[in-house]
Structures are given as C-alpha cells and as structure tokens.
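In what follows, a single structure is set out as structure tokens and then discussed.
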Amino acid sequence: MTLSLAPRQSAEPPPSVAASFDQEIVRQAMASNIVVVDNKKARYLVRGYLSAYRTEGGAAVEYVWDVFTRDKKRARLVNDVLEVKGEGADPWAIAGPAALSSVAAKSADDLAAFLTNTPEAVAMAKPAGEAAPAEKPLSYAPVE
C-alpha cells in the first residue's frame, strides 16, 4: 500500500515539538510496516491536524488524520483525543514527549489498520489453503 502524509497543525505546536512529532510519527509508521514514499507514488494521501489545549487538571492533545485517495476523495477520517494530567500554562509542555509518542503510535496503528483493509490489501490476502504472498510494507509520503 502507498500513502502520503502531511502533518498540518490547527493550533501549531512550537517548532521543536512539531519536529519531534514528525520524527516520531515516521518512526511509529515504520514500526507498523508503513514507509514514506514520494506523494506521486502514493495510493493514499494523509493530511494531519494536531492541537493541544488546557483542560481541567491537565491538557489534551487532539489529532485528526484525513486519508484521501489519489483522486482526492476522502477514504477515511482518523481522530482521537489524548488527555494528560499535569499543571502549567503550556499544554504542549504538559503533554510532553511521552504523550506525543502515544499519539504517534496510535495514529500509526489506526492508519495501518485502515491500509490493511483497503481493496488492494484484501486482494493480496491469503486465500484459504494457499501460501501467503511475500509481505510488502505499506507506505505513505509527505504532501507538500
């Protein structure tokens, strides 16, 4: 499978947080057997939105991944909110690297689950009684 990823934050995190998250989402995607490819080679394009805000007793990190086909039709919407306990004025500082790593891991898991259930992936699935085809990694690419 091929997929293109373009993180775009609705309430932009500080540059250091964004850079760290970008590295973590790629690492987690690779751990989920998803690799980065050029968007011209991708079967799916993904646009991400990441925001953090204060809550009573801590902060919340909210993320949305819009998955589109090559012809720009939405194929899937993946979203969730992770709440973190803590104190302080900066929700990104409260969330910290561990929470962002959790968001990246959950995002990669959700994207991999979608990709393994696409028509292309289902067609490659092992029919009963036959050997499984050689495993190919799923892939995505940054959208410019």
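Readers should treat all values here as calculations from the given coordinates under stated rules, not as data from a laboratory. Everything numeric in this text was worked out from a predicted model, so none of it was measured.
Roughly what percent of Cα-Cα pairs across region 59-115 reach past 17 Å?
Values: 712 of 1596 pairs.
The share of Cα pairs beyond 17 Å in region 59-115 comes to 45 percent.
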Per the rule of 0.36 nm per residue minus the C-alpha distance, extending Asp71 to Arg47 adds in nm 7.2 nm
Projected onto their principal axes, the Cα atoms of region 11-90 stretch, largest extent first, over whole-Å spans of 44, 23, 22
